[in-house]
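K.L.:
This is the structure I want to talk about, given as structure tokens.
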Amino acid sequence: MQITYFDNNSATQLDPRVLEAMVPFLKENYGNPQNMHSVGAVAKDALDIARKSVADFIGAKVGEIYFVSCGSEANNFAIKGVADANAHKGKHIIVSAIEHFSVLYAARRLEKIGFEVTILPVNQLGEVNSNDLKVALRKDTILVSIQTANTEIGTIQNIKELVLLTKANGSLFHTDAVCVAGLIPIDVNDLGVDLLSFSASQFHGPKGAAALYVKKGTRVTPQIDGGVQEEGRRAGLENIPSIVGFGVACELAKNEMIKNSASIKELRDKLIEELPKKVEYVYLNGHTSNRMPNNVNFSIEFIEGEAMMLLLDSKGFMVSSGSACASKALKMSHVLTAIGADPAVGQGSLLIALSKYNTMADVDRFLLEFPAIVKRLREMSPLYDHFIKTGERQVAGPGTDYGHEHDHNHNEE
Amino acid sequence: MPFYSEKVMDHFSNPRNVGEIKDADGVGEVGNPVCGDMMTFYVKVKDDIVTDIKFKTFGCGAAIAVSSMVSEMGKGKSVADAMKITNANVALELGGLPPNKMHCSNLGADALHKALEDYLTKKGVKIKNNKTENQADCNCGCGEVEICKPCGTPITECADDCSCGCKSEESKQQKSVSSCGCSYGCTEVESKTKAKK
């Protein structure tokens, strides 16, 4: 069966050119860059070259790039590192409601040790209102962290405007650009941010390498102590093969991103345009125009996302869903909740995250197969049955003895 | 290993007895779309035998598989026997369910019981004890029960933190070896408080 991978916000296929560059560092070039001997020197050179590529990719200087293991670590490093280093100036942090959990939970952790966190709401399209930020900013606000774009619904924030407000207040600005890197050009100078996270695995690089950009002069306390690596800011032997791959992924993306993103966007637009024509009662989540070129997110009413995902899997399509059942935490995604999606409708959310390896043929095949899957699940759905018979939507049906208070043993971490 | 067992995937991919019975003798509904799972069961009863079961389910793979399995298990049984099917039995028959699916997706037996209760009520039978397995009280009557984490089976003894204070050594010992008989063979339990009806 042909596998069509539409889950590129979870992980991406490694570009063969990236793999090729990595292989020597998994084999003969196994040295530790901190060593002075010649085997170590090879690793050191590779690390320097990769750092240059990664820095160039976002318009940063080499000294402003700190390698970490993944996007979550970059976000944790940014939030906790800034908080630790700037606690004497203030203990207030602002994040948006639709941040990645690595930002939200890092902020929650800080709350437990005496910081105050303001969580900004978003509108129905997933946008942070700059006025809300203006109101939330305080004298003691040390950090604002708002993602460049949302992974799940694809909405792109007006970062520059938010940065201006934040800088006028004398606070630092961090942005999580993990889902943006490799699809939309990033220029840290243009954005004006102080810190920015991005990860290799999101754009056809390997897992195990990500970076936190820290603008020169910004104080960040290490979160992993005990070594001289990364200018003493992040101890631990560097993951050289992955970092080398990260560097190459950045070079490739820098040269090919514009072209690739244009064709990815064509696929996205076709899906967004055609899907509602093929299936009734579907609703696009996220912004129509300020949207990631690779993001398609629909709520498919009357059916549940996990079941849909499994049936799509049986046809070779790998997608994801923000439904409660599809999450380990058994809660509808916090992003869909924040944009005010009807919980009954949001259970049928379908997330397609495209990549350069997807083709129009994949999209056509999907559009051909998908309606039958929805039909099948709707035929066995009591909610659809109720709607067809009465013309009314059953929000929370009668006899629902499993109410909101029902303990799902929630554990989001 | 795939997320679901082969048997779950079979019942999910080819669910048995999907549909509704127009002249059903009993109808039962459990769940809530907000939680992501909702089941409606229809039963037909003749001479105290459950002759037909149909269902409609909104929910995840587990919820659909559970509905299908319950419908097969209940068919042909006497009403009393069908009432004895528990959510835990269903999970067992399916070769186990992932732990996080035990509580909210595993409602099939509850839905069937509700449909049968509806039938009995219509017939004028007074239902004495309509507690489903998950609502079982502990033996001291305090309303706190322990539930096997993976399969959701209540272990009807008082929890350690039981407010009635009945923590006899005997019951503690029993607890340490108590197993709910699920396919996990677990003895791991969590305490769970259910408001007494």
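K.L.:
Is the range A:1-144 rounded, prolate or oblate when judged by the Cα gyration tensor, a ≥ b ≥ c being the square roots of its eigenvalues, rounded requiring a/c under 1.5 and prolate requiring a/b larger than b/c? Walk me through the numbers on the way to the answer.
P.N.:
Numbers: a/c = 2.75, a/b = 1.59, b/c = 1.73.
Verdict is oblate for the range A:1-144.
K.L.:
Oh, and also: Residue farthest toward the positive end of the dipole of the range A:38-100, with Cβ of Lys/Arg at +1 and Asp/Glu at -1: which of A:Ala55, A:Gly40, A:Ser96?
P.N.:
The one lying farthest along the dipole's positive direction is A:Ser96.
K.L.:
Ok, one more. At 0.36 nm per residue, minus the direct Cα-Cα distance, what do A:Lys160 and A:Ile119 gain on full extension? Give it in nm, one decimal, please.
P.N.:
On the way: separation 41, 0.36 × 41 = 14.76 nm, distance 1.92 nm.
Here the answer is 12.8 nm.
K.L.:
Averaged over peptide A:344-357, how many Cβ atoms belonging to another chain are found within 10 Å of each residue's Cβ?
P.N.:
Details: counts 7, 1, 3, 9, 3, 0, 0, 0, 0, 0, 0, 0, 0, 0.
Per residue, the average neighbour count from other chains is 2.
K.L.:
Test of understanding: ordering A:Glu251, A:Glu273, B:Glu93 by Cβ neighbours within 10 Å, fewest first, what list do you get? Kindly include the intermediate steps, with their values, before the conclusion.
P.N.:
Details: A:Glu251 20, A:Glu273 9, B:Glu93 17.
Ranking A:Glu251, A:Glu273, B:Glu93 by Cβ neighbours within 10 Å, fewest first, gives A:Glu273, B:Glu93, A:Glu251.
K.L.:
A further question on this structure: Do any of A:Lys112/A:Lys216; A:Lys315/B:Lys84; A:Lys112/A:Lys134; A:Lys167/A:Lys331; A:Lys265/A:Lys315; A:Lys389/B:Lys114 go past 27 Å between their Cα atoms, and which? Display every interim value, and only then the final one.
P.N.:
Details: A:Lys112/A:Lys216 29 Å; A:Lys315/B:Lys84 38 Å; A:Lys112/A:Lys134 25 Å; A:Lys167/A:Lys331 36 Å; A:Lys265/A:Lys315 24 Å; A:Lys389/B:Lys114 22 Å.
Listed pairs above 27 Å: A:Lys112/A:Lys216; A:Lys315/B:Lys84; A:Lys167/A:Lys331.
K.L.:
Take every Cα-Cα distance within the range A:210-302, group them into 5 Å bins from 0 onward, and report for each bin the whole-number percent of pairs it holds.
P.N.:
2, 10, 13, 12, 11, 10, 11, 12, 9, 6, 3, 1
K.L.:
Mind sorting B:Phe41, B:Phe3, A:Phe67 by how few other Cβ atoms lie within 10 Å of their own Cβ, fewest first? Before the final figure, lay out the partial values.
P.N.:
On the way: B:Phe41 34, B:Phe3 13, A:Phe67 26.
The order, fewest Cβ neighbours first, is B:Phe3, A:Phe67, B:Phe41.
K.L.:
Give the long-range amide H neighbours of B:Val45: residues separated by 5 or more places, or on another chain, with amide H under 5 Å away, using H modelled in the peptide plane at 1.01 Å from N.
P.N.:
Sorted by chain and number, the residues that satisfy this are B:Asp25, B:Thr51.
K.L.:
Could you rank the peptides A:148-156, A:257-265, B:62-70 by their average count of other C-beta atoms within 10 Å per residue, with the highest value first?
P.N.:
Values: A:148-156: 25.3, A:257-265: 16.6, B:62-70: 30.0.
Order by mean packing, descending: B:62-70, A:148-156, A:257-265.
K.L.:
Below 8 Å between Cα atoms, with a sequence gap of 6+, how large is the relative contact order for chain A in percent?
P.N.:
Details: 823 pairs, mean separation 82.2, N = 413.
Relative contact order, chain A: 20 percent.
K.L.:
Using a Gaussian network model of chain A whose springs link C-alpha atoms within less than 10 Å, name the residue from A:Ala235, A:Ala78, A:Ala253 with the highest mean-square fluctuation.
P.N.:
Ranking A:Ala235, A:Ala78, A:Ala253 by mean-square fluctuation puts A:Ala235 first.
K.L.:
Here's a follow-up. Taking H placed 1.01 Å from N in the peptide plane, check which residues at least 5 places from A:Asp7 or on another chain put their amide H under 5 Å from its amide H.
P.N.:
Those qualifying (amide H under 5 Å, at least 5 residues apart or on another chain) are A:Ala353.
K.L.:
To continue, here is another question. Once you average over the residues of B:50-61, how many Cβ atoms of partner chains fall within 10 Å of each Cβ? Don't skip to the answer; put the middle values down first.
P.N.:
Numbers: counts 0, 0, 0, 0, 0, 2, 8, 7, 18, 12, 14, 10.
What the average comes to for B:50-61 is 6.
K.L.:
Using Cα atoms only, what is the angle between the long axis of helix A:305-314 and the major principal axis of chain A, expressed in degrees (0 to 90) to the nearest 10?
P.N.:
Roughly 80 degrees between the two axes.
K.L.:
When the Kirkwood radius is taken over all Cα pairs of the range A:157-265, what Stokes-Einstein diffusion coefficient follows at 4 °C and 1.567 mPa s, in µm²/s?
P.N.:
Here the translational diffusion coefficient equals 84 µm²/s.
K.L.:
Listed highest first by mean packing, meaning other Cβ atoms within 10 Å per residue, what order do B:77-90, A:291-304 come in?
P.N.:
Values: B:77-90: 19.1, A:291-304: 25.9.
Going from most to least packed, we get A:291-304, B:77-90.
K.L.:
Just counting partner chain Cβ atoms within 10 Å, what average do the residues of peptide B:19-32 show around their Cβ?
P.N.:
Working: counts 3, 3, 0, 0, 0, 0, 0, 0, 1, 1, 7, 5, 8, 13.
Rounded to a whole number, the mean comes out at 3.
K.L.:
Find, to one decimal place in angstroms, the Kirkwood hydrodynamic radius of the range A:189-241, where the mean of 1/r is taken over every pair of different Cα atoms and then inverted.
P.N.:
Details: mean 1/r = 0.0790 Å⁻¹.
When all Cα pairs of the range A:189-241 are included, the Kirkwood radius is 12.7 Å.
K.L.:
Just subtract the alpha-carbon distance of A:Asn131 and A:Val228 from 0.36 nm times their residue separation and send over the number in nm, one decimal.
P.N.:
On the way: separation 97, 0.36 × 97 = 34.92 nm, distance 4.24 nm.
Difference between extended and current length: 30.7 nm.
K.L.:
Taking neighbour Cβ counts within 10 Å as the exposure measure, how do A:His386, A:His88, A:His204 sort from fewest upward?
P.N.:
Numbers: A:His386 19, A:His88 7, A:His204 26.
In order of increasing Cβ crowding within 10 Å: A:His88, A:His386, A:His204.
We did not get these values from a lab; they are worked out from the coordinates using the rules stated. If you're wondering where the values come from, they're calculated on a predicted model, not measured in any experiment. FYI the Cβ positions are ideal-geometry reconstructions off the backbone, even for glycines, and counts take in every protein chain you see.
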